[in-house]
1. Condition test on residue 23, is it part of a helix (DSSP H, G or I), modelled with pLDDT of 95 or more and either touching a strand residue (DSSP E or B) at 6+ places or on another chain (Cβ under 7 Å) or not assigned by TED's automatic domain parsing to the domain that holds residue 267 (or both)?
2. Assess whether residue 97 counts as being in contact (Cβ under 8 Å) with a residue 12 or more places away in the chain, within 16 Å of the ligand (Cβ to nearest atom) and surrounded by fewer than 22 Cβ atoms within 10 Å (Cβ to Cβ).
3. Go through (1) within 12 Å of the ligand (Cβ to nearest atom); (2) touching a helix residue (DSSP H, G or I) at 6+ places or on another chain (Cβ under 6 Å) and name the single condition residue 241 misses.
4. Just to be sure before I move on: is residue 212 more than 14 Å from the ligand (Cβ to nearest atom), surrounded by fewer than 15 Cβ atoms within 10 Å (Cβ to Cβ) and more than 26 Å from residue 112 (Cβ to Cβ) in the structure I sent?
5. Only residues that are over 20 Å from the mean Cα position of the chain (by Cα) and either in the same structural domain as residue 321 (by TED's automatic domain parsing) or not in a strand (DSSP E or B) (or both): list them for the stretch 146-162, please.
6. Could you pull out the residue among 256, 333, 346, 308 that is surrounded by fewer than 18 Cβ atoms within 10 Å (Cβ to Cβ), modelled with pLDDT of 95 or more and in contact with a helix residue (DSSP H, G or I) (Cβ under 7 Å, 6 or more places away or on another chain)?
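The values are calculated or read from the model by the stated rules, or taken from the named source; none is laboratory data. Quantities reported herein were computed from a predicted structural model and do not represent experimental measurements. For neighbour counting, all protein chains shown are included, and Cβ atoms are generated from backbone atoms with ideal geometry for every residue, glycine included.
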Ligand SMILES: Cc1ncc(COP(=O)(O)O)c(C=O)c1O
C-alpha cells in the first residue's frame, strides 16, 4: 500500500465531534470512538496539498466555482458510476442533509407525505418532521443477512398524498447497495404514483466489489426527470468538516426551485477549501480511494471473523457499502437503553444504538470501522470481555 491507513492519529483536542464530543453527546468517557460517520485516517495527500497551496495565497474572500469544479464532478460520475451528466444539471449544497432539506422544502408542501425506508440515517425522518411534512415508514427487511426492500409494504403505503421518496442509496445503516432490479421496481412505483425522488448517494463511492453503485437517476430518462440526487466527496475522502456537497438533476424546473431555496439564505457561496478539496479528490484521488476500499474491506472481514469466532452472540450484517457496520445484538435481549449503556459504559466503545435510526433499529448497533485495524481489534477485545461478564 502506498498510503498508511494503520497510522494511529491522535484526534483529541481538535474539537472533532467523534472524539471530543463523546462526553457531551453520549456521556461516554474513556471510550473508543466508533460512532460519528467520519474516518480516523488522514485525507489524501492530493487534497492536503491543494488546500495548502490555496492557503498560501493568504486571502480568503468570496469565491466562485469555475468549470473545473463542475467538470471534475461530470468526469467522476462518468468514470466511477457510468453516469453521463451535464454540468448544467449540477448545483452546490453546503451538505447532503442541507441539500435534501432544501429540496424537501422547495419541492413539496407542508402536509405532504414522504416515504423513507427505516432503519435509516436519522436526519431523514427528523428533516421531514421539522419541515412540517409527514413521514411514511417503509421498513426494510432482513433477509439472508441483507437488508432488503419490502415492496408489498411500499405499495400498501402509496396514496395521492405521498409526494416523494427520500431514498438512501447505498443505504445507511446496513450498507445495502441497491441492485438494478430493486431500483427499477422503486422507480416504477414512484412513476405510477407520480412521485418525486430525492436520492441521497453520499456513500456511492464506498462500495465493495462485486457490488456496484447505480445512481437512481441514471436508470432511465423518465425517472431522471423526477429525481434530484444529493452527493458529496465528503465521506469518501474524509473531508466532511469542509461542508461541500452538490446536487444533480436533469429536471430544470426542479433545479430552479432548489436553487431558489439555496440562494435565499445565501448558502450557495460555499467554502473555498471545500471547493479545492472536491476538485483535488475527483481529479487525483482515485488511487487513494482504491486503497481505502481494500483497507476497509479487510477491517470488515476481520470484525466478521472475530464475531463469528469469539462473540458469536453478535452478528454482523455484512455491508456491501460504507464503513458503518450494522450489528444484530438482539440475542443479548437488552432494550435500547440497556444496549447503549452496555456498549458505552461497560465495553467502553462509543457506538450508535440502533433505535436512533427509527423503526426496525431496536436491538442493533452501528459501529464505525473507518479507523486503523488496531483500534477495531481493541474495541472487539473490550466488547468480548464485556459480553463474557454479563
Ligand atoms: C446517508 C447520509 N446522508 C447524509 C449524511 C451527512 O451528510 P452531510 O454531513 O453532508 O450533511 C450522512 C452522514 O453520515 C449519511 O450517512
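1. Details: part of a helix (DSSP H, G or I): yes; modelled with pLDDT of 95 or more: no; either touching a strand residue (DSSP E or B) at 6+ places or on another chain (Cβ under 7 Å) or not assigned by TED's automatic domain parsing to the domain that holds residue 267 (or both): yes.
Answer is no for this residue.
2. Details: in contact (Cβ under 8 Å) with a residue 12 or more places away in the chain: yes; within 16 Å of the ligand (Cβ to nearest atom): yes; surrounded by fewer than 22 Cβ atoms within 10 Å (Cβ to Cβ): yes.
Judged against the criteria, residue 97 is a match.
3. (2)
4. Numbers: more than 14 Å from the ligand (Cβ to nearest atom): yes; surrounded by fewer than 15 Cβ atoms within 10 Å (Cβ to Cβ): yes; more than 26 Å from residue 112 (Cβ to Cβ): yes.
Yes; evaluated as a whole, the condition is true for this residue.
5. Of everything in the stretch 146-162, those that are over 20 Å from the mean Cα position of the chain (by Cα) and either in the same structural domain as residue 321 (by TED's automatic domain parsing) or not in a strand (DSSP E or B) (or both) turn out to be 150, 151, 152, 153, 154, 155, 156, 157, 158, 159, 160, 161.
6. On the way: 256 fails: in contact with a helix residue (DSSP H, G or I) (Cβ under 7 Å, 6 or more places away or on another chain); 333 fails: in contact with a helix residue (DSSP H, G or I) (Cβ under 7 Å, 6 or more places away or on another chain); 308 fails: in contact with a helix residue (DSSP H, G or I) (Cβ under 7 Å, 6 or more places away or on another chain).
The match here is 346.
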